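This report refers to the structure that appears directly beneath it.
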Amino acid sequence: MAKKQVWKRYNRRMSAWAKGVLAEALDSVCTQRQADHRLVNAAYTSQMDSVTGLLQGQRVADKFYRVNGDVLQADHNAALNVLRRYEDAEITRFT
């Protein structure tokens with residue numbers, strides 16, 4: 001039992017460390033390219049329809065199937081939702 005707790009703590013620390021390294025690398029690249037880096041609340045962005053803005057449709061692998069039968073590329077759909085989320089003043093990062 002104690003060994004399991006040790007591994008849980010180790011995994012949690014490694015995950016936090018990796019997130020920190022990734023954040024530093026992203027900040028460095030944005031500084032070098034003079035790009036603006038903003039954080040948004042990404043909840044449900046891969047499950048929302050970017051055309052209607054509703055939680056309709058289904059993501060399967062790299063495709064997003066809309067309710068009306070259209071098929072979108074899932075990553076592009078999610079990216080449009082993230083952009084919309086950035087422009088939405090009602091949804092904050094920790095909403």
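When you scan the range 14-37, do you find a residue that is on the phi < 0 side of the Ramachandran plot and touching a Ser or Thr at 6+ places or on another chain (Cβ under 9 Å), even just one? Scanning the range 14-37 turns up at least one residue that is on the phi < 0 side of the Ramachandran plot and touching a Ser or Thr at 6+ places or on another chain (Cβ under 9 Å).
Within the range 54-73, residues that are β-branched (Val, Ile, Thr) reach partners that are surrounded by 12 or more Cβ atoms within 10 Å (Cβ to Cβ) and part of a strand (DSSP E or B) with beta carbons closer than 8 Å, at six or more positions or on different chains, in the pairs Val71/Lys63; Val71/Phe64; Val71/Tyr65.
Restricted to the range 1-43, and to residues there that are touching a helix residue (DSSP H, G or I) at 6+ places or on another chain (Cβ under 8 Å) and touching a residue at least 24 places away in the same chain (Cβ under 8 Å), the residue that is farthest from Phe94 (Cα to Cα) is Arg38.
None of the figures in this text is laboratory data; all of them are computed from the coordinates on show. Because the structure is a prediction, the values reported are computed rather than measured. Using ideal geometry, Cβ is built from the backbone for each residue, glycine included, and neighbour counts are taken over all protein chains shown.
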